[in-house]
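Asks: Let me give you the structure first, and then I'll get to my questions.
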Amino acid sequence: MNKPIYVTQPDLPPLEEFIPYLEKIWSTKWLTNNGPFHQQLEQALCEYLGVEHLALFTNGTIALVTALQALRITGEVITTPFSFVATAHSVLWNSLTPVFVDIDRTTCNLDPEKIEEAITPHTTAIMPVHCYGTPCNVEHIQRIADTYGLKVIYDAAHTFGVKYRGESILKHGDLSVLSFHATKVYNTFEGGAIVCSNAKTKQRIDYLKNFGFADEVTVMAPGINGKMSEINAAFGLLQLKYVDVAIARRGEIDTLYRHGLSDVKGITCLPEPVHTERSFSYFPVLVGKDYHLSRDGLYNKLKEQNIHARRYFYPLISDMPMYRGLPSSSQMNLPVAEALSQQVLCLPIFPDLDLNIVQTIIGIIRSDKV
Ligand code: T4K
């Protein structure tokens, strides 16, 4: 491959279509702080996603940090080790203790059967991740949360546009957090959002992301600067026009991979989730013992061909220096997550990826030439 093929590449609209948005910003000189594009994008995203309230953020990580503040979470937060570091970092940035629970083998999401045994008198919240856009077992998690009086904050960074049983997956839990990073299905360069179901919580989140200001002279809480700028919000409005086409295109690639890899010994595609309308954010495969190469062997073989697959999520968060001393980080506590992090490889998937290149990638994986 002459040109590097990355695991993802951002979807960008025609440049000339962005110019009028910039002209508007230049003429009003309104650059940030809940400007007109910010307000329009919040409304447009609520409509597109089918949710009641959404607060835009500068990125998904600050949104996660703020979500924990918004619900005044204390003590211990049950979460998954099989995610991007930002999930657990948001817990640490609030001086809370993450408690890692193992994941389910087929979904790669928190295993609800193992949550209850991790609950202590200090537990106040569960922070699951809809990993790769596959919905968590939201019903089971909610039953546990209701029984023990816990809050649920979903890290929904991979879940833009995903529907579960005909409705947005973002409607589950107390809050859901989105990422609009360049590498996501829908991007605003950098960006993120918190989704919530009532106006009072949205108001508190809006205060928190603007230093805590309720008006010119009243500071309600020690807030942060998490505001999305007008440039990002304007870009988000333009992106929304193209996101359905982008998702459809990702779906074609997903189908092609599934057909092409279904009979390869030792390569397993994650099952398609039931009752789910997907947005195809990632295409993970598991490289098992029956395959002629190790996971890292396949990763390197693709890399030699200038194809840059990624080992999301390896290493586990619980194996990173700032987490590995926690009792819940012990490998015995997380056998499924440990095993899957050694096997997983995310293959390139993005709207502009040529279907011939997908066939080439399938061919390389199918070939037993080392
Ligand atoms: N929770 C979860 C579950 C998440 O996955 C994430 C982010 C977050 C929370 C936090 O949300 P944000 O604060 O980021 O909004 C990438 C992304 O940086 C990160 O956003 C994402 N998860 C994570 C899964 O992937 P890296 O370190 O792998 O990114 P990087 O720079 O290596 O990019 C991957 C590939 O994408 C590159 O090889 C090339 C391509 N790329 C990347 C960028 C940034 C481009 O073509 N253009 C670009 O502008 O973390």
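The values are calculated or read from the model by the stated rules, or taken from the named source; none is laboratory data. These numbers come from a predicted model, not from an experiment. FYI the Cβ positions are ideal-geometry reconstructions off the backbone, even for glycines, and counts take in every protein chain you see. Remember, those area values only see protein heavy atoms, side chains included, never the ligands or the DNA or RNA. Shrake-Rupley method; radii C 1.70, N 1.55, O 1.52, S 1.80 Å.
Asks: Excluding Pro81 itself, what net charge comes from residues whose Cβ is under 11 Å from its Cβ, given Lys and Arg +1 and Asp and Glu -1?
Replies: Value of the local net charge: -2.
Asks: Picking from His308, His53, His140, which is most flexible by a Gaussian network model of the chain using Cα springs under 10 Å?
Replies: Checking each option, the largest mean-square fluctuation is seen for His140.
Asks: What distance in nm lies between label points placed 7 Å from Cα along the C-beta direction at Val217 and Asp352?
Replies: Using points 7 Å along Cα→Cβ, the separation is 5.3 nm.
Asks: Something else now. Tally Lys and Arg at +1 and Asp and Glu at -1 over the other residues with C-beta under 15 Å from the C-beta of Asn33: what net charge comes out? Mind showing how you got there, number by number?
Replies: Details: positive: Lys29, Lys209, Lys227; negative: Glu42, Asp206, Asp215, Glu216, Glu230.
In short, -2.
Asks: Please express the Cα-Cα pair-distance distribution P(r) of the stretch 113-154 as a list of whole percents, one per 5 Å bin, running from 0 to the bin with the greatest distance.
Replies: Taking every Cα pair in the stretch 113-154, the percentages come to 5, 23, 36, 23, 10, 3, 0.
Asks: Once both labels are modelled 7 Å past Cα along the beta-carbon direction, what's the Arg258-Ser27 spacing in nm?
Replies: Distance between label points: 4.7 nm.
Asks: Enumerate by residue number the trypsin sites (Lys or Arg not before Pro) in the stretch 275-360 meeting two conditions: DSSP loop (anything except H, G, I, E, B), and at most 10 other Cβ atoms within 10 Å of the site's Cβ.
Replies: Lys289
Asks: Quote the convex hull volume per residue of the stretch 224-278, based on C-alpha atoms, as a whole number of Å³.
Replies: 156 Å³
Asks: If I ignore ligands, DNA and RNA and count only protein heavy atoms, how much of Ser262 is accessible to a 1.4 Å probe, in Å² to the nearest 10?
Replies: It works out to around 90 Å².
Asks: Got a sec? Charge dipole of the chain, +1 on Cβ for Lys and Arg, -1 for Asp and Glu; which of Leu298, Tyr257, Phe82 is way out at the positive end?
Replies: Looking along the dipole axis, the top candidate is Leu298.
Asks: Sticking with this structure for a sec: Please compute, for the alpha-carbon atoms of the stretch 50-161, the extent along each of the three principal axes and give them in descending order in Å.
Replies: 36, 31, 27
Asks: Could you give the nm distance between label points at Ala339 and Asp146, where each point is 7 Å from its Cα heading toward the beta carbon?
Replies: 3.2 nm
Asks: Per residue, how much accessible area does the chain have with a 1.4 Å probe, in Å²?
Replies: 45 Å²
Asks: Now, a different point. Taking loop as defined by DSSP and a crowding limit of 16 other beta carbons within 10 Å, which trypsin sites (Lys or Arg not before Pro) in the stretch 123-169 fit?
Replies: Numbers: sites: Arg143, Lys151, Lys163, Arg165; in loops: Arg165.
Answer by residue number: Arg165.
Asks: Once the other residues with Cβ under 11 Å from the Cβ of Ser318 are scored (Lys, Arg +1; Asp, Glu -1), what is the net sum?
Replies: -2
Asks: Another question about this same structure. In 20 Å bins starting at zero, report the fraction of Cα pairs in the chain per bin as a rounded %.
Replies: Values per bin, smallest distances first: 29, 57, 14, 0.
Asks: Lysines near Lys24 by alpha-carbon distance under 27 Å, same-chain residues fewer than 8 away left out - which ones?
Replies: Once the sequence-local lysines are set aside, what remains near Lys24 is Lys184, Lys209, Lys227, Lys241.
Asks: Next question. Please return the longest stretch of the chain lacking exposed loop sites, where GluC sites (Glu not before Pro) count only if DSSP places them in a loop and at most 15 other Cβ atoms lie within 10 Å.
Replies: Free of exposed loop sites, the longest segment is 53-215.
Asks: Using a 1.4 angstrom probe on heavy atoms only, work out the carbon and sulfur share of the accessible area of the stretch 193-245 in %.
Replies: Whole-percent figure for carbon plus sulfur exposure: 59.
Asks: Same structure again: Go through Asp215, Asp290 and list them by solvent-accessible area, largest first, probe radius 1.4 Å.
Replies: Details: Asp215 80, Asp290 105 Å².
Reading off the accessible areas and sorting them downward yields Asp290, Asp215.
Asks: Another question, then. Can you tell me the equivalent ellipsoid semi-axes for the stretch 1-96? Use √(5λ) from the Cα gyration tensor, largest first, whole Å.
Replies: Whole-Å semi-axes of the equivalent ellipsoid: 31, 23, 13.
Asks: When the gyration tensor of the stretch 189-230 is built from Cα positions, what are the square roots of 5 times its three eigenvalues, in whole Å, from largest to smallest?
Replies: Each semi-axis is the square root of five times an eigenvalue, giving 18, 15, 8 Å.
Asks: Which one, Ser329, Ser83, Ser179, has the greatest fluctuation when you compute a Gaussian network model over the chain with C-alpha springs under 10 angstrom?
Replies: Ser329
Asks: Using a cut-off of 17 Å between alpha-carbon atoms, which lysines can reach Lys3, once sequence neighbours fewer than 8 places away in the same chain are excluded?
Replies: Candidates past the 8-residue exclusion: Lys301, Lys303.
Asks: Another one. Applying the Karplus parametrisation 6.51 cos²θ - 1.76 cosθ + 1.60 with θ = phi - 60° to the phi angles of the stretch 18-23, what ³J(HN,Hα) value in whole Hz is obtained for each residue in order, glycine and proline being reported as x?
Replies: So the J values, rounded to whole Hz, are 8, 4, x, 5, 5, 4.
Asks: Further question on the same structure: Binning every alpha carbon pair distance of the stretch 118-261 at 10 Å from zero, what are the percents per bin?
Replies: Cα pair-distance distribution for the stretch 118-261, in percent: 10, 30, 35, 19, 5, 1, 0.
Asks: Using a 10 angstrom cutoff on alpha carbons, build the Gaussian network for the chain and name the most mobile of Ala157, Ala70, Ala248.
Replies: Comparing Ala157, Ala70, Ala248 in a Gaussian network model of the chain, the most mobile one is Ala248.
Asks: Continuing with the same structure: Computing the accessible area with a 1.4 Å probe over protein heavy atoms, can you report the carbon and sulfur percentage for the stretch 75-153?
Replies: On the way: 1510 of 2900 Å².
In the stretch 75-153, the share of accessible area belonging to carbon and sulfur is 52 percent.
Asks: Rank by packing, highest mean first: peptides 203-213, 124-134, with packing defined as the count of other Cβ atoms within 10 Å averaged across residues.
Replies: The peptides rank, most packed first, as 124-134, 203-213.
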